[in-house]
Amino acid sequence: EAQTALTTIASNTGATPDQTVNITVYTSGQDYMASVMGVPEWSGGIELSRYNSIFVVIDPGALNLDLPAVAHELTHIVVGQITSNPYNSIPFWLNEGLAMHIQYAGANLPSRFTTLLSSAITNNNLISVRSLSDPFSAYADKADLSYAESVSVVAYLIKQYGSGKMNQLLETFHQGSTYDGALQANYGFDMDGLFNQWKAWVTAGNGNQLIH
């Protein structure tokens with residue numbers, strides 16, 4: 001699972017790990033929650049970039065459902081390694097959107113995400129990209145909508161502008177750029193411009209293009 005994820009990460013972002021990544025697997029959500037402090041109740045995995053380590057819950061009876069969490073958290077580590085700088089981190093929508101994009105590569109996004117996104121489009125209450133730059137809500141529904149929007153925004157950028165541009169964006173963040181500055185330098189628009197373009201794209205019936 002990890003090796004497949006690394007191949008997908010490289011093809012979508014050009015990023016490869018420059019240090020060994022340690023993976024710790026819990027077979028019980030209860031053990032995970034007791035050991036990894038400070039995570040939301042809905043969490044099934046976490047990464048600690050400074051230690052190049054990820055921790056995931058994989059139920060032996062639900063391998064197909066739980067294994068993709070490895071790809072998700074591994075993406076965080078690899079992206080963290082190539083964007084690391086002493087000045088700034090990347091926005092949450094980009095970090096989580098890329099992780100979701102790799103996690104569900106070649107698969108359908110679960111309905112709990114697509115249903116919320118479709119509803120937000122219909123009711124015109126999408127969360128702005130600028131608002132998605134900060135940590136997501138601790139409430140599961142709001143968090144799931146944030147994840148759904150983030151992966152759709154990342155899919156839009158990769159589909160419209162290519163993986164090469166995504167690699168350049170990550171490299172710009174490695175230099176310590178601001179959120180708006182990095183987007184402006186690579187795409188010619190800031191976060192508000194991205195939101196307007198993506199919103200027009202996704203409301204035009206491209207919700208089925210969330211991943212690939």
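Worth pointing out:
- Note, ³J(HN,Hα) from phi for the stretch 74-83, Karplus 6.51, -1.76, 1.60, rounded to Hz, x at Gly and Pro: 5, 4, 4, 5, 5, 5, x, 5, 7, 10
- Approximate spin-label separation residue 124-residue 7, in nm, with each point projected 7 Å along Cα-to-Cβ: 4.6 nm
- Max mean-square fluctuation residue, GNM over the chain, Cα-Cα springs under 10 Å, options 103, 175, 19: 19
- The gain in end-to-end length when the residue 19 to residue 165 segment is fully stretched comes to 50.2 nm, 0.36 nm per residue minus the alpha carbon separation.
- Relative contact order %, the stretch 95-180, counting alpha carbon pairs below 8 Å whose residues are six or more apart: 39 percent
- Working from Cα pairs under 8 Å separated by at least six residues, relative contact order for the chain is 23 percent.
- Semi-axes of the equivalent ellipsoid for the stretch 137-212, computed as √(5λ) from the eigenvalues of its C-alpha gyration tensor and ordered from largest down, come to 22, 16, 12 Å.
- Heavy atoms of the protein chains alone define the surface here; on that basis the chain has 48 Å² accessible area per residue at 1.4 Å probe size.
- With both residues required to sit in the chain, DSSP beta bridges show an antiparallel share near 45%.
- Mean-square fluctuations from a GNM of the chain, with a 10 angstrom spring cutoff on Cα atoms, peak among 29, 97, 38 at 38.
- Using a Förster distance of 35 Å, the FRET efficiency for residue 137-residue 35 (Cβ separation, nearest 0.05): 0.90
- Value of D in µm² per second that Stokes-Einstein yields for the chain, Kirkwood Rh from Cα pairs, at 37 °C (0.692 mPa s): 188 µm²/s
- Rounded Å value of the spacing that divides the Cα centres of the stretch 53-72 and the stretch 15-37: 9 Å
- Taking the 1.4 Å solvent-accessible surface of the chain as the whole, the part contributed by carbon and sulfur is 48%.
- Scanning residues 5 or more positions from residue 28 or on other chains, those with amide H under 5 Å from its amide H are 58, with H placed 1.01 Å from N in the peptide plane.
- With contributions of -39500 (n - 2.57) from each DSSP H run of at least four residues, the per-residue ellipticity at 222 nm computed over the chain stands at -17000 deg cm²/dmol.
- Under 5 Å from the amide H of residue 129 lie the amide H atoms of 195, each residue being 5 or more positions distant or on a separate chain, with H modelled from the backbone and absent for Pro and chain starts.
The values are calculated or read from the model by the stated rules, or taken from the named source; none is laboratory data. Predicted model, so just to flag it, every value in this text is computed and none were measured. Glycine also receives a Cβ, built like all others from the backbone with ideal geometry; neighbour counts cover every protein chain displayed. To get the accessible areas, we keep the full protein, side chains included, count just its heavy atoms, and leave off ligands, DNA and RNA. Shrake-Rupley method; radii C 1.70, N 1.55, O 1.52, S 1.80 Å.
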